[in-house]
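Here's the structure, in structure tokens; my notes come after.
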Amino acid sequence: QVQLVESGGGLVQAGGSLRLSCATSGRTFGTYFMGWFRQAQGKEREFVAAISRSGGSTSYADSVKGRFTISRDNAKNTVYLQMNSLKPEDTAVYYCAASARPGVVTGRSEYDYWGQGTQVTVSS
């Protein structure tokens, strides 16, 4: 069992930055492929970014490429999402998730564990 706790959300003006963190429990963090998803009000949860177990491979949704960066620190059992040049359309609840499946994992159904989410609001 893996417990995920997100932090770092908040209110920011358009063009600003935020860094989300996701701390995990347990000593098996390095065995999980990690991802970030977001869900805007009235919309389905969507993929944002993912990172391989070693951190050497990443994947991003087209809407955030060049603005968001996912990273992880396996010694600290934590995954991060640096968000720059934020836009009002980035407003959503952001969730981190962990997957035990092999390979690159970007599908929502492929993730096994989820955090409770953190709200990000970008004002125009």
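The values are calculated or read from the model by the stated rules, or taken from the named source; none is laboratory data. Keep in mind that this is a model prediction, so the values were computed, not measured. Note: areas computed on protein heavy atoms with side chains; ligands, DNA, RNA excluded. Shrake-Rupley method; radii C 1.70, N 1.55, O 1.52, S 1.80 Å.
Gain in length, Glu44 to Arg108, computed as 0.36 nm per residue apart minus the alpha-carbon separation, to one decimal in nm? Present the calculation step by step, with values, prior to reporting the outcome.
Values: separation 64, 0.36 × 64 = 23.04 nm, distance 1.04 nm.
Here the answer is 22.0 nm.
Got a sec to turn the phi values of the range 74-85 into Karplus ³J(HN,Hα) couplings, 6.51 cos²θ - 1.76 cosθ + 1.60 with θ = phi - 60°, whole Hz, x for Gly and Pro?
Once rounded to whole Hz, the list reads 5, 5, 9, 6, 9, 10, 10, 9, 8, 10, 10, 6.
Could you state the accessible area per residue of the chain in Å², with a 1.4 Å probe and every protein chain left in place?
Values: 6220 Å² over 124 residues.
With all protein chains present, the chain gives 50 Å² per residue.
Using only Cα atoms, locate the centre of the range 98-114 and the centre of the range 24-44, then give the distance between them in Å, rounded to an integer.
About 8 Å separates the Cα centre of the range 98-114 from the one of the range 24-44.
In a GNM of the chain with a 10 Å cut-off on Cα contacts, which of Gly103, Gly35, Gly55 has the highest mean-square fluctuation?
Judging by the Gaussian network model, the answer is Gly103.
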